[in-house]
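Comments concern the structure below.
The values are calculated or read from the model by the stated rules, or taken from the named source; none is laboratory data. Fair warning: this is a prediction, and the values are worked out from it, not measured in the lab. Cβ placement follows ideal geometry from the backbone for every residue including glycine, while neighbour counts extend to all protein chains displayed.
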Amino acid sequence: MQRYQLRIRGLRESTGQIKATSLRDVLDALIKTAERSTRLLVTGKGGEKGKKPGWLEETVDFTVTGLESGSTVLAIDAPRLRETAYEKFAQQGFWNEQPSLDDTSLDLAARAIKETQTDDPAGDYFDSSVLEAILKFWNAAGGAGGHYELISQDDGHNRFTLDERICDRVKERLNNIPSPRAFIVSGRLDEIKHGSGRFRLLVGADSQLLGRLDPTKLDVEDLRFLWGRQTIVEGMVYFKVNGQPRLIEARRIGSNEEGDSVFQAMPAAEAPGLQRLTPAREKYAGSAGFMELWGAWPGDEPIEELLGQLD
């Protein structure tokens, strides 16, 4: 276990005390930020519907070991990734960013918060769901004046600081993340992770697109006979704040056919200035409601008919 102190200032309580409702809200913000930051590095998406997998529940199974004065200080123990998610992080190199197995999910949450403060963040450690979780700290403090600092008791280093100024930057990053968009992409299926349905598509001469299967539409067995072959993928592409594609969530996948080379290009985010979805509408990304806004998915039409519509 890694030991931390979460130091809280600016709450409307006496030093060394915290109301039960405030404690609930602070811990909810901490757990959700850590959970979504960790899930993002494993799956490519911070937020998912449905029951959390067992490894993720174990990763954010924090223990509050004490409440101290000196502002209000929560002593917290957090398990290391090697104890809770070894199989998820032991294979290096698939996603662009991989943490150390000695890290905890609180370290990943801290990395996400710190990345929002860089001048030109790539967005490797956060997506919209992670940023929304970070802003829960602001709500827990009741607005202006809240100040949080996470300190590692094992090495004395600051893991993150969060205050009104930083929350303003988080909101700015949230507004700048491009909306997810539906794409058809052609490339060579270069790598498959059978346990998770993740894959890597080589697009053109020197570009790669990471992806995973939409579990409601496809099974990992659908990839078995496509490895090493030119492949056509239809899916929802999610972007980083810098406009680069984070991953494609494949809704359909199959062998290339004649004419599919027109789709051999990396997905691009919307040009600046175009209308983007609000966070509330982004939650429907991939659903029928989203497609009603952005155009219907291709049905069972032959590729020739789709190409004809592009002319």
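The requirement of being farther than 30 Å from E221 by Cα, in contact with a helix residue (DSSP H, G or I) (Cβ under 9 Å, 6 or more places away or on another chain) and surrounded by 15 or more Cβ atoms within 10 Å (Cβ to Cβ) is satisfied by L131.
Checking each residue in the range 1-14 for being under 20 Å from E164 (Cα atoms), of a type outside the set (D, E) and either part of a loop (DSSP other than H, G, I, E, B) or under 24 Å from the mean Cα position of the chain (by Cα) (or both) picks out L6, G10, L11, R12.
Okay, residues lined up against (1) hydroxyl-bearing (S, T, Y); (2) at pLDDT below 80; (3) not assigned by TED's automatic domain parsing to the domain that holds E35:
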| position | (1), (2), (3) |
| --- | --- |
| T84 | yes, no, no |
| S100 | yes, no, no |
| D103 | no, no, no |
| L108 | no, no, no |
| I113 | no, no, no |
| T116 | yes, no, no |
| V130 | no, no, no |
| L135 | no, no, no |
| G145 | no, yes, no |
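Rundown of residues vs (1) surrounded by fewer than 17 Cβ atoms within 10 Å (Cβ to Cβ); (2) at pLDDT 50 or above; (3) of a type in the set (K, R), yes/no style:
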position: Y238; (1), (2), (3): no, yes, no
position: G243; (1), (2), (3): yes, yes, no
position: E258; (1), (2), (3): yes, yes, no
position: S261; (1), (2), (3): yes, yes, no
position: P267; (1), (2), (3): no, yes, no
position: G273; (1), (2), (3): yes, no, no
position: G286; (1), (2), (3): no, no, no
position: A296; (1), (2), (3): yes, no, no
position: D300; (1), (2), (3): yes, no, no
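Please specify each residue of the range 51-88 satisfying the condition of being of a type in the set (F, W, Y) and over 19 Å from S152 (Cβ atoms). So that I can check it myself, show each step before the final result.
Of the residues in the range 51-88, the ones of a type in the set (F, W, Y) are 55, 62, 86.
Those that are of a type in the set (F, W, Y) and over 19 Å from S152 (Cβ atoms): W55, Y86.
I'd like the residue in the range 215-227 that is modelled with pLDDT under 80 and assigned to a loop (DSSP other than H, G, I, E, B) and, out of all such residues, is surrounded by the most Cβ atoms within 10 Å (Cβ to Cβ). Once the filter is applied, the top-ranked residue is L218. Can you list residue pairs whose Cβ atoms sit under 6 Å apart, with the first residue in the range 57-75 being under 14 Å from I8 (Cα atoms) and the second being of a type in the set (G, A, S) and loosely packed, with under 12 Cβ neighbours inside 10 Å? Count only pairs 6 or more apart in sequence or on different chains. Partner pairs satisfying both residue conditions: A75/G66.
In contact with a helix residue (DSSP H, G or I) (Cβ under 6 Å, 6 or more places away or on another chain) and hydrophobic (A, V, I, L, M, F, W, C), is that true of L174? So L174 passes the test.
Taking the range 99-122 only, how many residues are in contact with a strand residue (DSSP E or B) (Cβ under 8 Å, 6 or more places away or on another chain) and within 19 Å of R165 (Cα to Cα)?
Residues of the range 99-122 in contact with a strand residue (DSSP E or B) (Cβ under 8 Å, 6 or more places away or on another chain): 101-107, 109-110, 113-114.
Those still in the list that are within 19 Å of R165 (Cα to Cα) too: 109-110, 113-114.
Total meeting the criteria: 4.
The residues of the range 51-64 that are loosely packed, with under 15 Cβ neighbours inside 10 Å and of a type in the set (S, T, N, Q) amount to a single one, T63. For the range 148-163, give me each residue that is surrounded by fewer than 20 Cβ atoms within 10 Å (Cβ to Cβ) and modelled with pLDDT of 90 or more. Correct list: E149, I151, S152, T161, D163. Looking at the range 164-177, can you tell me whether even one residue there is touching a strand residue (DSSP E or B) at 6+ places or on another chain (Cβ under 9 Å), surrounded by 15 or more Cβ atoms within 10 Å (Cβ to Cβ), among the acidic types (D, E) and at pLDDT 80 or above? No: the range 164-177 contains no residue that is touching a strand residue (DSSP E or B) at 6+ places or on another chain (Cβ under 9 Å), surrounded by 15 or more Cβ atoms within 10 Å (Cβ to Cβ), among the acidic types (D, E) and at pLDDT 80 or above.
So, I192, is that one at pLDDT 80 or above and in a strand (DSSP E or B) or not? No, not satisfied.
Within the range 251-268, residues that are assigned to a helix (DSSP H, G or I) sit with their Cβ atoms under 6 Å from residues that are surrounded by 14 or more Cβ atoms within 10 Å (Cβ to Cβ) and of a type in the set (A, V, I, L, M, F, W, C), at 6+ positions apart or across chains, in these pairs: D260/I232; F263/I184; F263/V185.
Of all residues in the range 1-50 being among the polar types (S, T, N, Q) and crowded, with 16+ Cβ neighbours inside 10 Å, which is farthest from Q153 (Cα to Cα)? Let's see the steps before the verdict.
We begin by selecting, within the range 1-50, every residue among the polar types (S, T, N, Q); these are 2, 5, 14-15, 17, 21-22, 33, 37-38, 43.
Going one step further and asking which of them are crowded, with 16+ Cβ neighbours inside 10 Å, we end up with 2, 5, 22, 33, 37-38, 43.
Working: Q2: 8, Q5: 7, S22: 23, T33: 20, S37: 21, T38: 21, T43: 30 Å.
The selected residue is T43.
Consider H157 carefully, then state whether it is outside the structural domain of L247 (by TED's automatic domain parsing) and free of Cβ contacts under 8 Å to residues at least 24 places away in the same chain. Outline the logic, then answer.
Numbers: outside the structural domain of L247 (by TED's automatic domain parsing): yes; free of Cβ contacts under 8 Å to residues at least 24 places away in the same chain: yes.
Yes, satisfied.
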